[in-house]
Amino acid sequence: MNAQDFWVSHESTTEFKTDGLRKFFEYRDLGIKKATKGQVVAHIIRAIPSDHFEGKPHLHDTQFQMIYVMKGWIKFRYEGQPGEITLTPGSCAYQPPSLNHQEISHSDDLEMIEIVMPANFGTRLVDKV
């Protein structure tokens, strides 16, 4: 058996679901987790307009994590970086393993791609960024 399988994901045959890490986002799985046997996860994340947003300082137990903004904007604080960083369409951010960060806010029309290794990564709350 191959360590990885060929896979194609079409928007017309996949759905956004609200069972992801954050309740104020919905996620469309791109099938990469299954194709790579859990080595990598990739999904489209989009905002659910809500008054229930609460971004807490946290980190992820990862080997690799990146986001690419396709629509809207998202604002973060990152450990070791001055001030707030706003990502807009075309912005790409690489978050090194175990980097403390906090989402400050996002637009109601936010859509971004996230790619993470390994697919089943842990998330831990931290005291501060």
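Structure notes:
- For the chain, the solvent-accessible area of protein heavy atoms averages 60 Å² per residue (probe radius 1.4 Å; ligands and nucleic acids excluded).
- Multiplying the residue separation of Thr86 and Thr14 by 0.36 nm and removing their Cα-Cα distance gives an extension gain of 23.0 nm.
- Exposure of Tyr94 as accessible area (Å², to 10), given a probe of 1.4 Å and all protein chains: 120 Å²
- Net +/- balance of residues flanking Glu111 in space, Cβ distance below 9 Å, scoring K and R +1, D and E -1: +1
- Label-point separation in nm, Asp61 to Lys75, each point 7 Å along Cα→Cβ: 3.2 nm
- Shown are Trp73, Trp7, whose ranking by accessible area with a 1.4 Å probe and every protein chain present, most to least, is Trp7, Trp73.
- Per-residue [θ]222 nm for the chain (sum of -39500 (n - 2.57) over DSSP H runs n ≥ 4, rounded to 500): -500 deg cm²/dmol
- Simple Cβ-charge dipole of the chain, Lys/Arg +1 and Asp/Glu -1, about Cα centre, in debye nearest 20: 260 debye
- Excluding same-chain neighbours fewer than eight residues apart, the lysines reachable from Lys34 by a Cα-Cα span under 24 Å are Lys17, Lys23.
- Evaluated over the chain, the Cα radius of gyration and Dmax, each in Å: 14.8, 48
The values are calculated or read from the model by the stated rules, or taken from the named source; none is laboratory data. Remember, it's a predicted structure, so these values are computed and weren't measured experimentally. All Cβ positions, even for glycine, are placed from backbone atoms using ideal geometry, and neighbour counts span all protein chains on display. Just so you know, the surface numbers come from the protein's heavy atoms only, side chains and all, with ligands and any DNA or RNA stripped out. Shrake-Rupley method; radii C 1.70, N 1.55, O 1.52, S 1.80 Å.
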